[in-house]
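Novice: Here you go, one structure.
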Amino acid sequence: MANALPYKPKPGEIPTQPGVYRFRDAEGRVLYVGKAKNLRARLSNYFAPLHTLHERTRRMVTTATSVEWTVVGSDVESLQLEYMWIQEFSPPFNVRYKDDKSYPYMAITLADEAPRVIVTRNRRIPGARYFGPYPKIWAVHDTIDLMIKVFPIRTCSDASYKKAMATGRPCFPGQIGRCGGPCSMTVTIEEHRAIVDDFVAFMSGGDARFTRELTARMREASAAMDYESAAVYRDRLQAIGAVLSRSALVLPEDTDADLFGIAEDELSAAVQHFVVRGGRVRGVRATTIDKELDISGADLVDQVIQRTYGGAGAGEIPRQVLVPQLPDDAADLEEWLQERRGKRVSIQVAQRGAKADLLRTATINAQQALMLHKTRRTSDYAARTKALTDLQVALGLDEAPLRIECYDVSHLSGTNVVASMVVFEDGLPRKDQYRSFGVPETTDDTDSLYQVLMRRLAHVDRDDPAAAPEAPEDPGVAAGAPEPPQPEAESADADEPVVTERKRPRFAYRPQLLVVDGGAPQVAAAARALEDSGHTEIALCGIAKRLEEIWLPGEEYPVILPRTSEALYLLQRLRDEAHRFAITHQRKRRRRDITTVLGEVPGLGEARIKALLKHFGSVAALSRASADEITALPGIGPKLAAAIEQRLASR
């Protein structure tokens, strides 16, 4: 591979002013759009020696055949131009957004002569003011039903409105009390517009003012013994209370803010956007993002803000935008938002208090949404079929790998070494066939991996239904149905060992593909195990976490799968599941080990051991504690504390 790109600009050609750049392929398609405060400094990163580039950045720049740039007058202008070009060209290497669904909104058609309130999923109605999004369409209808009792505005169709205004006869919704527009013949166009303004102000967060005004009017009418009017005001107050009860007050009443909770991994991200107006959550939107290039958390926040507010009206931009971390150009983004809103806008990271709590809630929702997104992609039959087919093509296999086993090694500073084996069949996990291994002596991760695979591969022919009867078990392997001589035996996610008579082969049947967590060294160790065990017919690959590249035995360069590839999603889930299972098994072993050690101290029972670990937080912290610090725990005297300190020191 050449170490320089043929279209690299000559020294001094790239300007140092702020601007926006575009990479294009041979057909002229825009592959990537980016902005920079200094074009020369930014673009020089892309034209560094190819071997120093991130794998996915290298794929982008080698796919491109040209780069062009446009100089702008300020950093804010570069923001605007970048957003416009991303919307126009949809570059494949920029992050791609997918709303989880088409959310329903409440819209007020302010551009109409007599504005009306409607439920819509169309965000492009000229002059409309939107509220939401709402999770369910019935939630919008229920809110509108309550709101028009307080602010009776038009709900009828444009055809009904025109017919009523032409004939002088109320529209049908107006006849049954469901429309309060001029077509109902109860208010003028000017009076109706004033009610619409109040409707919009209330939905924008001005609920306290209307509650005070209606309460005062109700009391005045009651004092004047105008009980009919007082009853009308009472009903409106109850309707307002019903609307407010649907969204609890989570922040001070004068707070208008948007909160963005973000969860991400190497391939995807999920965004939970909480719309807070008047201190209440007025809407929630979930978005998932496919990341084609490696992108930092700060850059992702930058892209999310641009995408959210790039097409927003002034009324949709709040005073505050709360994010998990500040983008590098936060000041430019604030200026850009201020120009769009017409008022000051601040972008902040919530550090403490109610805002930080709400941001944590949004982040938890984003984490759950990301997990659900990945699970759905993996469990969907069409996606699984495509994943296995793509994996077959990418790895050059003769057939789709219907059974895949993935291995990971976990240790604590070189001690307590364990390994995990997870099994996916037809793209789905088979937790009953997960296995964990204890590794008694090892030099490094590659040696541990070699040992584990040799032990597993020794069972390939033995567990084949067509082969001879099974040989004695390997006592170093922890299985789902162990025998009494195997102290480590555990099944997937089991809290305690389950001792039963084994009625099935230990490993079911041979895999078509072995996956190891790691790069070239780990793959080389696994390939050596396959060769030494005589099972080179089993395919092998490794997935390296840092760059998410796929390594094959004996290859100098990795296989790079597209970030949106179903095959990469499957491999990533295999790797993550193997890592999770290994860590779980290691923690159980450490817990048993320390409990056994402390249990040897006379006078120290299970309850006190649990209290010690809870108080100090970890075994390492307990080991560092002095006898005086241990004595501070209720129920432990100086003699017992000294015995604990001495026992831990002798480990």
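The values are calculated or read from the model by the stated rules, or taken from the named source; none is laboratory data. Source: prediction; values computed, not measured. Cβ atoms come from the backbone with ideal geometry, glycine included; neighbour counts cover every protein chain shown. Surface accessibility is based on the protein's heavy atoms, side chains included, excluding ligands, DNA and RNA. Shrake-Rupley method; radii C 1.70, N 1.55, O 1.52, S 1.80 Å.
Novice: Are any of the pairs 10/37; 386/431; 291/386; 374/610 more than 28 Å apart by Cα-Cα distance, and if so, which? Could you put the intermediate results ahead of the total?
Specialist: Details: 10/37 20 Å; 386/431 22 Å; 291/386 20 Å; 374/610 36 Å.
Over 28 Å apart, Cα to Cα: 374/610.
Novice: For region 301-402, compute the orientation-averaged projected area of the C-alpha convex hull (one quarter of its surface), in nm².
Specialist: The directionally averaged projection comes out at 9.8 nm².
Novice: Probe radius 1.4 Å, ligands and nucleic acids ignored: give me the carbon and sulfur share of the accessible area of region 127-201 as a rounded percent. Intermediate results must be reported in sequence, preceding the final value.
Specialist: Working: 2190 of 3770 Å².
On region 127-201, the fraction of accessible area on carbon and sulfur atoms equals 58 percent.
Novice: List the GluC sites (Glu not before Pro) within region 314-396 that DSSP assigns to loop and that have no more than 12 neighbouring Cβ atoms inside 10 Å.
Specialist: none
Novice: Here's something else I'd like to know. What is the sum of charges around residue 68, taking Lys and Arg as +1, Asp and Glu as -1, for the other residues whose C-beta is under 12 Å from the C-beta of residue 68? Intermediate values should be presented prior to the final figure.
Specialist: Details: positive: 22, 24; negative: 13.
Taking every Cβ under 12 Å from that of residue 68, the sum is +1.
Novice: Within 13 Å, Cβ to Cβ, of residue 317, how many net charges do the neighbouring residues add up to if Lys/Arg are +1 and Asp/Glu are -1? The partial results should precede the final answer.
Specialist: Values: positive: 129, 277, 319, 340, 341, 343, 344; negative: 256, 258, 316, 334, 335, 339.
Here the count lands on +1.
Novice: Accessible area per residue, 1.4 Å probe, Å², for region 319-372: what's the number?
Specialist: Working: 3000 Å² over 54 residues.
It amounts to 56 Å² per residue over region 319-372.
Novice: Next question, about the same structure. In region 533-569, what trypsin sites (Lys or Arg not before Pro) fall in a loop by DSSP, with at most 10 other Cβ atoms inside 10 Å?
Specialist: Numbers: sites: 545, 546, 563; in loops: 545, 546, 563.
When the trypsin sites (Lys or Arg not before Pro) of region 533-569 are filtered for loop state and at most 10 Cβ neighbours within 10 Å, 546 remain.
Novice: Express in nm, to one decimal, how much length is gained between residue 172 and residue 556 on full extension, taking 0.36 nm for each residue of separation and deducting their alpha carbon distance.
Specialist: Details: separation 384, 0.36 × 384 = 138.24 nm, distance 7.56 nm.
Fully extending the segment from residue 172 to residue 556 adds 130.7 nm.
Novice: Express in Å², to the nearest 10, the accessible area of residue 161 obtained by rolling a 1.4 Å probe over the protein heavy atoms while all chains stay in place.
Specialist: Here the residue's solvent-accessible area equals roughly 20 Å².
Novice: Seen from all sides and averaged, what is the projected area of the convex hull of the Cα atoms in region 246-373, in nm²? Before the final figure, lay out each step's value.
Specialist: Values: hull surface 31.2 nm².
If I average the Cα hull's projected area over directions, I get 7.8 nm².
Novice: Could you tell me what percent of the accessible area of region 326-374 is made up of carbon and sulfur, with a 1.4 Å probe and every protein chain present? Let's see the in-between values first.
Specialist: Working: 1310 of 2800 Å².
Exposed carbon and sulfur together represent 47 percent of the surface.
Novice: So, for region 184-234, what is the accessible surface per residue at a probe of 1.4 Å, expressed in square angstrom?
Specialist: Values: 3010 Å² over 51 residues.
Computed with neighbouring chains in place, this is 59 Å² per residue.
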